[in-house]
Amino acid sequence: MQEVFRMPAWGARPRFPDRGGGVLVSESVRVVVCNELGSLDDVVVEERDTPVPGRGQVVVDVRAAGVNYVDGLICQGRYQMKPTVPYVPGGEIAGVVSAVGEGVTGVKVGDRVMAMTGFGAFAEQVAVNASSVDPVPDALAFTHAAAFIQSYCTAWFALARRITVSEGEWVLVLGAGGGIGLAAVDVAVALGAQVVAAASSAEKLDAARGMGALATVEYEREDLKARVRALTGGGVDVVVDPVGGRHSEPALRATRTFGRFCVIGFASGPIASIPLNQVLLNNRTLVGVDWGAWAMRDPEGHRSMLGELIEMVQSGRLHPVEPSQRPLDEAAAVMASLLDRTVTGKVVLVP
């Protein structure tokens, strides 16, 4: 899986059929480029030579590229991973293989694939290691597939790997209107849990109810701890927290004895200071969830887990939402809206 996070190779000329059945050579592709870490104003669209597949690589014509919260953090230089600039942001794509490099087996031109690229996804074409691509299941459109891996793998890793959720348990999902939040609601319901969705707006809570949440809390207006305890008859068994900040402690206090608290991220900005006596006195468990780091260390385990998720989509147990679609030119605006937490669901860039 470490190979996934290499920068794409640029500099070739894949060929495309013209209307008369001949061949046209595409001289360049449009890509989103971050020229300096800091302001999103330094994110622009440029023309670059078309990518060529190196040994063990394929070129994918991007039909959709998922935009995630972390993409904006990296562009602003606020993430632990700081790429050398200029670089092409984006780490999640779905599309069609248009060229295959030397030594590649099992992937051919015309295959529908999805992949985590690390960087380089916000482009019309991307060269990626063939070992990092997976087939797009028939149940997923390209837009769904481009927004699937990061959100659903994080949710499944949290609820089926880092902890185990039993049927009938109460699960509280913070940030339930975002990409990871909605995936967590979907996964928890598929596991037989009862979900309380907490989010910052009625629109986001509507999306969570559509995903199967039984109850909701608008935590900018309501007392999160009191409301959750009232809704669940004393507290939840599990908390999924990709938000952090001031909502983490009341969510922890709304957890029953022997409850499990999954720390996924800090989308609100601040990292919460948790009173550890609340963990000790109620025999609660704090669990760190970093799917990306685990997937890099255990690529076979990740691929097996992704296979489980795809099977669940194919069987109708999971129901990824339709992402909003935006053009490449709006990449900076989309990342800004994710950082501001004004987006409901997922957004993909469609070249």
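Tabulated data for the structure shown
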quantity: Whole-Hz ³J(HN,Hα) from phi, Karplus 6.51 cos²θ - 1.76 cosθ + 1.60, for the range 269-277, glycine and proline x; calculated: x, x, 8, 5, 9, 8, x, 5, 5
quantity: 5 angstrom amide H check on GLN194, placed H, neighbours 5+ away; calculated: GLY168, GLU169, TRP170, VAL171
quantity: Relative contact order (%) - criterion: Cα under 8 Å, at least six apart; region: the chain; calculated: 18 percent
quantity: Listed residues LEU252, ALA267, ALA202: farthest to the positive end of the dipole of the range 150-292 (Cβ charges); calculated: LEU252
quantity: Per-peptide average of other Cβ atoms within 10 Å, ordering 240-253, 54-67 highest first; calculated: 54-67, 240-253
quantity: In degrees, nearest ten, helix 179-190 long axis to first principal axis of the chain (Cα); calculated: 60 degrees
quantity: Förster radius 45 Å - calculated FRET efficiency between SER304 and ILE271 (Cβ-Cβ, nearest 0.05); calculated: 0.90
quantity: 27 Å Cα-Cα reach of LYS204 towards lysines, excluding residues that sit fewer than 8 places from it in its own chain; calculated: LYS225, LYS346
quantity: Cβ charges +1 (Lys, Arg) and -1 (Asp, Glu), total dipole of the range 150-292, debye; calculated: 320 debye
quantity: Cα-based shape type of the range 150-292, given that a ≥ b ≥ c are square roots of the gyration tensor eigenvalues and the cut on a/c is 1.5; calculated: rounded
quantity: For ALA99, distant residues with modelled amide H under 5 Å away; calculated: VAL59
quantity: Shape category assigned to the range 62-190 from the gyration tensor of Cα positions, a/c cut at 1.5; calculated: oblate
quantity: Listed peptides 313-319, 329-335, 126-132 by packing density, highest first (mean Cβ within 10 Å); calculated: 126-132, 329-335, 313-319
quantity: Three-way shape label, the range 242-351, alpha-carbon gyration tensor, a/c 1.5; calculated: oblate
quantity: For the range 325-338, 3J(HN,Hα) per residue [Karplus equation, 6.51 cos²θ - 1.76 cosθ + 1.60, θ = phi - 60°, Hz, x = Gly/Pro]; calculated: 10, 9, x, 3, 4, 9, 4, 4, 5, 5, 4, 5, 5, 5
quantity: Rounded Å value of the spacing that divides the Cα centres of the range 272-325 and the range 226-269; calculated: 16 Å
quantity: Highest average packing first - 180-187, 40-47, 210-217, 116-123, Cβ atoms within 10 Å; calculated: 180-187, 116-123, 210-217, 40-47
quantity: Under Karplus coefficients 6.51, -1.76 and 1.60, residue-wise ³J(HN,Hα) of the range 218-226 in Hz, glycine/proline x; calculated: 8, 6, 7, 10, 10, 6, 4, 4, 5
quantity: Loop-located trypsin sites (Lys or Arg not before Pro) in the range 99-183 whose Cβ has at most 13 other Cβ within 10 Å (DSSP); calculated: LYS108
quantity: Rg(Cα)/(2.2 N^0.38 Å) for the chain, N = residue count; calculated: 1.02
quantity: Structure-based [θ]222 nm, the chain - -39500 (n - 2.57) summed over DSSP H runs of at least 4, per residue, nearest 500; calculated: -7500 deg cm²/dmol
quantity: ARG209 paired with VAL45, simple spin-label distance in nm, labels 7 Å along Cα-to-beta-carbon; calculated: 3.7 nm
quantity: Neighbourhood net charge (10 Å Cβ-Cβ; Lys/Arg +1, Asp/Glu -1) for ILE149; calculated: -2
quantity: Length added when fully stretched, ASP223-ALA202, from 0.36 nm per residue minus Cα-Cα; calculated: 6.0 nm
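Quick note: the coordinates plus some simple rules give every number you see, no bench work behind them. Everything quoted here is computed from the prediction, not taken from an experiment. Cβ coordinates were reconstructed from backbone atoms using ideal geometry, including for glycine residues, and neighbour counts include every protein chain displayed.
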